Amino acid sequence: MDWGPPGLIAPGISQRWLQGHPHVEGLLDEWPPERIRQVLDAVLELWGCLDLTAAMEWSWNPRLRTTAGRAVFIDMLIELNPLLLARHPEEMEALLVHEAAHLVVQRLHGRQPPHGEIWKAYMRKAGHSTRATHELDVRGLRRKGRLTRHRRTGSKVEALLRKVLQGTRLR
């Protein structure tokens with residue numbers, strides 16, 4: 001099959017990348033693109049939204065570190081972490097269903113809490129856990145030597161407003 005640019009052996013995985021990560025080959029053998037598509041199609045049929053099959057895509061994302069997968073709503077795309085899932089291939093089906101549920105909820109019900117009641121209902125109907133996070137071994141997958149990113153708590157205007165409301169003296 002053609003996965004885009006030359007050298008890709010599966011969506012998101014190049015031959016060159018795989019040479020540096022040979023332990024991922026078993027995962028790719030166990031979970032070829034056809035099997036992933038079968039799982040997605042089966043769960044979409046179960047949920048009564050088989051018409052979303054053509055819109056929903058998936059890809060391996062070797063840049064993911066400790067996240068097993070993620071749903072990219074605007075692209076109707078499921079990204080899968082090959083490094084983490086190579087360690088835990090038994091988690092693949094549940095992860096595919098988990099991320100597909102996010103895409104279906106967003107598409108059919110609009111903006112909802114990520115792991116809210118509607119999402120949980122889809123997961124239960126598929127016979128999977130409603131747990132939102134994983135407890136998989138991520139040792140060695142974090143980037144080394146990077147500073148921890150702190151989330152920005154608001155704009156400068158919001159910070160100024162907080163100071164004014166708190167009676168803090170402005171400089």
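What follows is calculated from the coordinates using simple rules that are stated; it is not laboratory data. Note that the coordinates shown come from a computational prediction; the quantities given were computed from them, not determined experimentally. Don't worry about glycine lacking a Cβ; one is built from the backbone with ideal geometry, like all the others, and counts go over all protein chains shown.
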* Structure fact -> Per the charge dipole of the chain (beta-carbon charges, Lys/Arg positive, Asp/Glu negative, Cα centre), the residue among SER155, GLN38, GLY116 reaching farthest to the positive end is SER155
* Roughly what would the spin-label model give for ARG111 and LYS163, points 7 Å off Cα along C-beta, in nm? -> 3.0 nm
* Asked: With charges only on Cβ, +1 for K and R and -1 for D and E, what is the dipole size of the chain about its Cα centre, in debye, rounded to 20?
  -> 1880 debye
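Got the relative contact order for the chain handy, in percent, Cα pairs under 8 Å and 6 or more residues apart? Before the final figure, lay out each step's value.
Working: 162 pairs, mean separation 29.5, N = 171.
Normalised by residue count, the contact order of the chain is 17 percent.
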* Asked: About the Cα centre of the stretch 55-110, what is the dipole size in debye to 20, counting +1 per Lys and Arg Cβ and -1 per Asp and Glu Cβ, all else neutral?
  -> 200 debye
* Dipole of the stretch 8-137 [Lys/Arg +1, Asp/Glu -1 at C-beta], most positive-end residue of ALA126, ILE9, PRO89 -> ALA126
* For helix 92-109, report the angle its Cα long axis makes with the longest principal axis of the Cα atoms of the chain; keep it between 0 and 90° and round to the nearest 10°. => 60 degrees
* Neighbour-limited loop hits for GluC sites (Glu not before Pro), the stretch 67-141 (at most 14 other Cβ within 10 Å; DSSP other than H, G, I, E, B) -> GLU135
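Based on the inverse mean of 1/r over its pairs of different Cα atoms, what is the Kirkwood hydrodynamic radius of the stretch 8-137, in Å?
Numbers: mean 1/r = 0.0668 Å⁻¹.
Taking the inverse mean of 1/r over all distinct Cα pairs, the stretch 8-137 comes out at 15.0 Å.
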* Structure fact -> Here the gain from full extension of LYS156 to ASP75, 0.36 nm per residue of separation minus their alpha-carbon distance, amounts to 26.0 nm
